[in-house]
1. So Q345 passes all but one of these: (1) touching a strand residue (DSSP E or B) at 6+ places or on another chain (Cβ under 6 Å); (2) over 20 Å from D205 (Cβ atoms); (3) among the polar types (S, T, N, Q). Which condition number does it fail?
2. Hey, can you tell me all the residues within the range 385-435 that are β-branched (V, I, T) and within 18 Å of N332 (Cα to Cα)?
3. Find the residue count for the range 405-428, including only residues that are in contact with a Leu (Cβ under 9 Å, 6 or more places away or on another chain) and outside any loop (DSSP other than H, G, I, E, B).
4. If we scan the range 392-404, do we find a residue that is assigned to a loop (DSSP other than H, G, I, E, B) and farther than 28 Å from R362 by Cα?
5. Are any residues in the range 356-382 open to solvent by 50 Å² or more (accessible area, probe 1.4 Å) and part of a strand (DSSP E or B), and if so, which ones?
6. Only residues in the range 415-439 that are without any contact (Cβ under 8 Å) to a residue 12 or more places away in the chain count as the first member; pair them with residues that are surrounded by fewer than 20 Cβ atoms within 10 Å (Cβ to Cβ), Cβ under 8 angstrom, at least 6 apart or cross-chain, and list the lot.
7. For the range 483-508, give me each residue that is open to solvent by 10 Å² or more (accessible area, probe 1.4 Å) and small (G, A, S).
8. Assess whether S305 counts as being part of a strand (DSSP E or B), touching a His at 6+ places or on another chain (Cβ under 6 Å) and among the polar types (S, T, N, Q).
Amino acid sequence: MLSDTGASNLPGDVSNPFLSKFTSSPKKRRVSPAEESIATLREGMGRMDISSRGNSMDYLHMERKDSKETANRRELDRFVPSRPSSIAAHSHSSSTLPTLALDGHSPDTSMDRSGSLSMDHTTSSLSATLGVPQNNRRILSFRSAPPPASHATSHLDAQRNYLLHSSSSANRGTGTNAAGKEGNKKRAPPYVPERVLDAPGFEDDYYLNLIDWSCSNRVAIGLGDTGYVWDAESGTVNALGGGDESEDRPKVTAVSWSNDGAYLAVGTDAGEVEVWDVEEGKKMRVMGGHSARIPSLSWHGHVLSSGCRDGSIHHHDVRVAKHKVMELIGHNAEVCGLTWRSDGQFLASGGNDNVVNCWDGRIGASVLQTGEGVPRGVAKWTKRNHTAAVKALAWCPWQSSLLASGGGTADKHIHFWSTSTGARTSSLATTTQVTSLTFSPHSKEILGTHGYPDNTITLWSYPSLEKIWEVPAHDSRIICSSLSPDGTTVCTGAGDENLKFWKIWEVKQSKKDKGDEGGMINDGGMGRSKNTVRIR
């Protein structure tokens, strides 16, 4: 590189185009227009501020500007990345000067294209060297790009992209309270049940209710014409009546425990209700009155309600000889869903006529009488929003006025009702028939069991109705389910003749509960214990 002194001693040297021609003498000799254009071109090349190809008269125009502006332009950065690659590679050779026409047009189109390619190549190489992203991408970004995918990690990259795009809509829903946020917490679904019991002869009938879990941690199940009781503490199984097969008995269509867990009601295919003392293993009494099978039963205190296939509902007072104390007429088909609210003020029923009825819980309050002098009740309100049989019914333990109902195969919907006004508060569309519903006593969530075609159990948060997880549970459709006394485990029975126990929730104990010496606290009058249930 020549120094400034050498440049002043060689006024006629034009071998280096990057050296501007300065004269020490203030006198200017007269030059021709051609020499003036060549000098201007060399001076521009020396300043390295060429940004595009074009007319050389631009340099002549720049030379005619004010001397102060010219001095400022000489202070520009020499290292302009848009210069041709030939100049960048051979900065000291005068033979690499590009040929520029004075008329503003390139003499050769091929040369123009080659120059453009060389400039693009130079820009690309410089961007790669400095780490500057191309294709108009931002230099600064909030999230770095993932590494390039390979054939072995393509599924991981797809999963990463899904999580990035779905993170913004993770909390989507209508609920904004703490309950919805609690339900959205990620936790591992129970892919494997806690225990599986063989249940040979379990009837694959959608309308039957063959499982119930008592507050004393015993599970009752109807198999064929015999009812069985499985003790979850000891793991022993006892058959009602000793399992004597010599006697011709009707099939079991429904089972239900009393609130104290001492008595078990069994509905039969003959239209009779049997009451068993489980501790003694004796049949206490048989109550008739129905003309067809009894697929649904529900207790409240000393009153046992039974739903019949003919659409009638009877209230039985098990303390008196004339047990039938009231009859409810409001269904035209089989009553397959029946459940009392914990305080006994309302009774909900669902039938094969796609109807949900809510009844006043007061016994004998109606002025209507049957032919036998028995009071006849009328539904407080009736809903016909379902398009299939309504078997799944559940009362909310932390909001007494909330009732959930689920429809069958042609409906596949869960509706939520306010018993105070009879209005539908919300609805949830599912992909399969709903066979049972269970509200969690520990969190604002609801669990649904399903039949065709997926045979799954699904957990939703409430009131946002966001799906938390869905697990395939059985090989056949789930017929019914029941909740453990501690409110953590759900027992499901299906047509595949299996009884499975799923750990869904965890007990949340407060300081007051931990300090309680007895450890037995009733939950809403339902006789449930807050102690953790052991399953053997």
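The values are calculated or read from the model by the stated rules, or taken from the named source; none is laboratory data. A quick note: this is a predicted structure, and the numbers were derived from the prediction, not measured. Every residue, glycine as well, gets a Cβ built from its backbone with ideal geometry; the counts of neighbours run over all protein chains shown. In case anyone asks, the SASA skips ligands and DNA or RNA and just uses the protein heavy atoms, side chains included. Shrake-Rupley method; radii C 1.70, N 1.55, O 1.52, S 1.80 Å.
1. With respect to (1) touching a strand residue (DSSP E or B) at 6+ places or on another chain (Cβ under 6 Å); (2) over 20 Å from D205 (Cβ atoms); (3) among the polar types (S, T, N, Q), Q345 is out only on (1).
2. Residues of the range 385-435 β-branched (V, I, T): 387, 390, 409, 414, 419, 421, 425, 430-432, 434-435.
Of everything in the range 385-435, those that are β-branched (V, I, T) and within 18 Å of N332 (Cα to Cα) turn out to be T387, V390.
3. Narrowing the range 405-428 to residues in contact with a Leu (Cβ under 9 Å, 6 or more places away or on another chain): 405-406, 413-419, 425-428.
Okay, now just the ones that are also outside any loop (DSSP other than H, G, I, E, B), so 405-406, 413-418, 425-428.
Residues that pass the stated criteria total 12.
4. No: the range 392-404 contains no residue that is assigned to a loop (DSSP other than H, G, I, E, B) and farther than 28 Å from R362 by Cα.
5. D360, Q369, R376, T382 - these are the residues of the range 356-382 that are open to solvent by 50 Å² or more (accessible area, probe 1.4 Å) and part of a strand (DSSP E or B).
6. Listed by first residue and then by second, the contacts come to nothing, as the list is empty.
7. G495
8. Values: part of a strand (DSSP E or B): yes; touching a His at 6+ places or on another chain (Cβ under 6 Å): yes; among the polar types (S, T, N, Q): yes.
Answer is yes for this residue.
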